[in-house]
Number of protein chains: 2
Amino acid sequence: MKKLQQKSIELRDNNLGRLFQRAGRAYSVRALSLLHERGFSDVKLSHSALFANLDLEGTQITVIAERAGMTKQAMGQLANDLEAKGYINKIKDPNDKRAYIIRFTKLGEKALHAAYDIKVIIEKEFEDLLGSKNVANLQKGLRKLIESYTN
Amino acid sequence: MKKLQQKSIELRDNNLGRLFQRAGRAYSVRALSLLHERGFSDVKLSHSALFANLDLEGTQITVIAERAGMTKQAMGQLANDLEAKGYINKIKDPNDKRAYIIRFTKLGEKALHAAYDIKVIIEKEFEDLLGSKNVANLQKGLRKLIESYTN
DNA sequence: TGATATAGTAAAGTATGTTTACCAAAATAT
DNA sequence: ATATTTTGGTAAACATACTTTACTATATCA
């Protein structure tokens with residue numbers, strides 16, 4: 001049997017789970033930093049749960065929450081925060097008096113454009129570093145793993 | 001210029017940052033579930049910051065905290081929690097009366113063995129899914145990205 | 001020996017959620 | 001049509017995993 005010392009080192013230094021998380025963290029730190037540089041300095045990482053699940057034609061809070069895999073209460077708080085910061089509007093749903101429709105403001109749309117530009121920039125950086133074929137394979141592998149483990 | 005609708009979809013569905021984070025989450029959910037199945041049901045994800053940075057011969061709290069990139073206060077809390085649960089001991093440092101040395105208990109070592117087994121199991125699952133060469137490339141790519149972005 | 005740095009703790013605050021409990025409106029069932 | 005149940009949303013309390021501020025005791029340096 002392998003020595004515990006060796007196992008400890010391999011857990012620490014040679015662990016795919018840790019690599020995923022560190023890469024994710026590196027990505028989001030970089031992306032958020034570029035977004036702040038472009039003037040959207042009050043956007044936080046947690047806001048992406050709303051941004052990423054909001055349709056351009058507008059979406060109900062409950063629907064966004066379900067897509068993001070979180071409670072409607074938590075999503076309601078994100079919505080209030082982003083509304084106060086001017087990125088979205090909460091409009092009363094004309095078809096359901098209980099509900100609100102969340103829509104991007106002009107500022108929110110600008111932030112979305114910027115976020116897309118940043119995504120492209122970071123992907124370019126990755127391709128310069130690894131080669132575009134390797135980035136494509138990385139993406140394919142991650143997708144396959146996620147699909148397999150979240151079903 | 002690409003339509004905002006299209007940009008929104010690509011940000012949502014075709015975003016490496018989100019893939020990293022989802023893969024990391026899938027890994028840790030799987031690993032923690034297997035660890036709980038093996039009887040270590042009171043171990044939490046946050047504990048890994050201590051486990052992963054504790055040398056077998058024992059390590060000072062401040063050193064573990066620095067390795068983990070967090071404050072010594074936060075690490076002190078993890079240490080107290082894991083001590084209460086029986087995974088580590090806090091021993092007075094004979095060379096420094098201010099300091100404590102953290103060491104694994106027998107139970108802690110058993111958990112470490114289990115964690116290693118689980119790492120091997122999950123890697124095997126990944127290789128069955130993607131092929132061992134692709135897993136090796138994945139690992140290599142992630143390492144390269146992390147190294148480049150955290151320096 | 002006196003000033004400063006370091007190991008650790010304590011308590012309060014912050015970020016990002018969940019749980020429990022509730023209301024009003026909508027959908028369904030009889 | 002009305003009673004029942006479900007759904008959209010909010011509010012408040014709690015949980016987790018930290019950081020910040022403030023402190024004590026010991027160690028180190030000048």
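Which distances, shortest first and in nm, link A:ASP81 to the matching position in the other copies, using label points set 7 Å out along Cα to C-beta?
2.1
Which aspartates and glutamates does B:LYS3 reach when only Cα atoms under 14 Å apart count, and residues fewer than 8 places away in its own chain are ignored?
In chain and number order, the partners are A:ASP55, A:GLU57, A:GLU109, A:ASP117.
Place +1 on the Cβ of every Lys and Arg and -1 on the Cβ of every Asp and Glu in region B:54-134, take the dipole about the Cα centre, and give the residue among B:GLY58, B:LEU82, B:TYR100 whose Cα lies farthest towards its positive end.
Sorting the options by dipole projection puts first B:TYR100.
Lysine pairs, Cα distance under 23 Å, 8 or more residues apart or cross-chain: how many in region A:24-149?
Going through region A:24-149 pair by pair, I get 26.
Measuring from label point to label point, each 7 Å out along Cα→Cβ, what is the A:GLU125 to A:LYS3 span in nm?
Rounded to a tenth, the inter-label distance reads 3.9 nm.
For chain B, what's the radius of gyration and Dmax over Cα atoms, in angstrom?
19.4, 67
Would you kindly compute the Cα radius of gyration of the protein assembly as shown and its largest Cα-Cα separation (Dmax), both in Å?
Reported Rg and Dmax, both Å: 22.0, 72.
Rounded to the nearest whole Å², what accessible area per residue is found for region A:24-149 with the 1.4 Å probe?
About 54 Å² of surface per residue is accessible.
May I ask you to give the average projected area over all directions of the convex hull of the Cα atoms of region B:73-116, in nm² rounded to one decimal? Please list the in-between numbers first.
Working: hull surface 14.2 nm².
So the Cα hull casts an average projection of 3.6 nm².
Given charges of +1 on the Cβ of Lys and Arg and -1 on the Cβ of Asp and Glu, with all other atoms neutral, how large is the dipole of region A:24-149 about its Cα centre, in debye to the nearest 20?
Working: 20 positive and 16 negative charges, 39 e Å.
Roughly 180 debye, rounded to the nearest 20.
At the nearest 100 Å², what buried accessible area, both sides summed, do you get for B and A when the probe is 1.4 Å?
In total, this chain pair buries about 5700 Å².
Just tell me, in residue order, which DSSP H segments of chain B are both 20 angstrom or longer along the helix axis (alpha-carbon based) and at least -1.0 in mean Kyte-Doolittle hydropathy.
B:16-37, B:106-130, B:132-149
Label-to-label distances across copies for B:VAL120, with labels 7 Å out along Cα→Cβ, in nm, shortest first?
Label-point separations across copies, in nm and ascending: 4.8.
The values are calculated or read from the model by the stated rules, or taken from the named source; none is laboratory data. From a predicted model like this one, the values you see are computed outputs, not experimental measurements. Here the Cβ is made from the backbone with ideal geometry for all residues, glycine too, and neighbour counts use every protein chain on show. In case anyone asks, the SASA skips ligands and DNA or RNA and just uses the protein heavy atoms, side chains included. Shrake-Rupley method; radii C 1.70, N 1.55, O 1.52, S 1.80 Å.
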